[in-house]
Amino acid sequence: MKLNQEHKKQLIEKGYCVIKNFFNEEEVAFLKDLLKTNHTHKNSNNILKEIKPLANFPDYWDLISNKKILSFLRFFLNEDVCYLHNSHSVYQEDNLDIDTNWHRDNACRVYGVGPDWDTNLPYDVVRVGIYLPDHKSNTGLSVIPKTHNSKKFICKLLRYLRSNQKRIYHSRLFKSIFNFFFGKKIFVNEGDCIFFLANLFHAALPSRGLRKAIFLSYGRNNKHSLNYLNYYLKHRVDSSNFIPDPKKIDLQKFNQHLIKNNIFIDTPKEKIDIHGLKIKNFKNLVN
């Protein structure tokens with residue numbers, strides 16, 4: 001894969017970039033088999049719609065340290081790359097399982113409030129979406145370009161409607177109108193990869209068939225990554241979905257894998273206050 005300055009420029013300026021055919025046909029076949037194997041319940045034919053964190057599944061370790069992914073991230077982040085643990089894969093047949101609501105993935109969700117919005121240190125936690133949809137499933141990701149560093153009015157409007165006008169916010173008509181004027185739909189094919197900053201407003205697109213995708217998180221060893229880890233591993237009441245389970249894997253072996261690939265970062269031992277992050281209930285944590 002040839003690294004492209006335009007991809008880097010788009011990620012910085014718009015908050016996302018799309019790389020078509022990031023994984024070739026052989027790699028796609030391997031990844032699809034990886035999902036099918038791990039999403040099939042061991043004791044039945046039931047399909048697990050989501051598995052997380054991927055650290056609990058050793059089959060995914062090589063993907064976490066995938067050279068193509070790390071090469072692009074080091075190109076964008078100037079060599080310093082750490083794995084930030086928030087990861088999962090999905091195998092969804094029902095659109096009801098897909099979150100099509102606008103949201104951010106970073107710690108400080110309110111635009112301009114908290115260290116994620118420090119203008120002296122641009123935000124650089126990157127989410128990686130690997131897409132493996134069925135042919136013509138018409139799925140992908142919606143984004144609101146530039147909401148990682150501008151468009152404050154749109155951010156305030158979405159937050160107000162979500163908190164105070166839920167019927168409007170969740171209505172199909174509103175979503176259609178809003179998405180038409182402000183959103184950008186990114187339709188994907190097998191092997192496409194979307195890199196986006198965790199503080200960018202985004203939402204999953206519905207799917208006409210199986211929605212198969214893998215999501216990973218990376219960043220530099222700086223305050224943004226440390227706050228991101230503290231948020232997911234210490235602040236959220238569902239933190240078990242993000243912390244590797246020593247009952248399921250050899251945690252030392254996993255950490256050695258990260259160290260070997262130069263993507264290790266110490267996970268927080270204590271919960272710390274993140275300025276501007278006010279958490280009152282679980283609903284605030286998952287949206």
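The values are calculated or read from the model by the stated rules, or taken from the named source; none is laboratory data. Only a predicted model underlies this, so the values are computations on that prediction, with no experimental measurement involved. Here Cβ is always computed from backbone atoms with ideal geometry, including for glycine, and neighbour counts include all displayed protein chains. Each accessible area value is taken on the protein alone, full model and side chains, heavy atoms only, with ligands, DNA and RNA left out. Shrake-Rupley method; radii C 1.70, N 1.55, O 1.52, S 1.80 Å.
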Task: Computed helical MRE - 222 nm, the chain, DSSP H runs ≥ 4 contributing -39500 (n - 2.57), nearest 500 - done: -9000 deg cm²/dmol
Task: In Å², nearest 10: area of Cys155 left accessible to a 1.4 Å probe - done: 10 Å²
TODO: Mind scanning Lys8/Lys68; Lys36/Lys212; Lys52/Lys166; Lys32/Lys184; Lys234/Lys269 and naming the pairs with a C-alpha gap bigger than 20 Å?
DONE: Lys52/Lys166; Lys32/Lys184
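Can you pull the percent of the chain's accessible area that's carbon plus sulfur, 1.4 Å probe, other chains left in place? Please report the intermediate quantities before stating the final value.
Working: 7440 of 14890 Å².
Using a 1.4 Å probe with all protein chains present, the chain comes out at 50 percent carbon and sulfur.
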TODO: Decide, for segment 1-156, between rounded, prolate and oblate: order the square roots of the alpha carbon gyration tensor eigenvalues as a ≥ b ≥ c, take rounded if a/c falls under 1.5, and otherwise choose prolate if a/b is larger than b/c, else oblate.
DONE: prolate
Open item on the list: If I stretch the segment between Glu13 and Asp80 completely, what's the gain in nm (0.36 nm per residue apart, minus their alpha carbon distance), one decimal?
Closed with: 22.1 nm
TODO: Kindly provide log₁₀ I(q)/I(0) values, in the same order as q = 0.12 Å⁻¹, from the Debye equation applied to equal alpha-carbon scatterers of the chain.
DONE: -0.77
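Counting only heavy atoms of the protein chains, get the accessible area per residue of segment 1-92 (1.4 Å probe) and round it to a whole Å² value.
Details: 4720 Å² over 92 residues.
Result: 51 Å² per residue.
Skip the ligands, DNA and RNA, and give the accessible area per residue of segment 117-213 with a 1.4 Å probe, whole Å². Before the final figure, lay out the partial values.
On the way: 4770 Å² over 97 residues.
Here the residues of segment 117-213 average 49 Å² of exposed surface.
Which order do you get for Thr139, Thr40 if you rank them by accessible area with a 1.4 Å probe, largest at the top?
On the way: Thr139 5, Thr40 45 Å².
From most exposed to least exposed: Thr40, Thr139.
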Open item on the list: As a test question: what accessible area, to the nearest 10 Å², does Arg236 have when a 1.4 Å probe is rolled over all protein chains in place?
Closed with: 20 Å²
- [ ] Could you give the spread of the C-alpha atoms of segment 149-252 along their three principal axes, from largest to smallest, in whole angstroms?
- [x] 50, 33, 26
Open item on the list: Given the whole protein assembly as supplied and a 1.4 Å probe, what does the accessible area of Ser163 come to in Å², nearest 10?
Closed with: 80 Å²
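What are the semi-axes of the equivalent ellipsoid of segment 148-209, taken as the square roots of 5 times the eigenvalues of the Cα gyration tensor, listed largest first and rounded to whole Å? Don't skip to the end; give the middle numbers.
Details: eigenvalues 107, 56, 19 Å².
Working through the eigenvalues yields semi-axes of 23, 17, 10 Å.
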Open item on the list: Run the simple label-point estimate for Ser71 and Arg167 please: 7 Å along Cα→C-beta, distance reported in nm.
Closed with: 5.5 nm
TODO: State the extension gain, in nm to one decimal, for the chain segment bounded by Glu93 and Ser239, taking 0.36 nm per residue of separation less the distance between their alpha-carbons.
DONE: 50.0 nm
Task: Zone of Arg208's modelled label, taken as backbone nitrogen in segment 116-157 under 18 Å from a point 7 Å along Cα→Cβ - done: 132-142
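Find how much the distance from Phe174 to His41 grows on full extension, using 0.36 nm per residue of separation minus their present alpha carbon separation; answer in nm with one decimal. Can you show the working numbers first?
Numbers: separation 133, 0.36 × 133 = 47.88 nm, distance 3.81 nm.
Using 0.36 nm per residue and subtracting the Cα-Cα distance, I get 44.1 nm.
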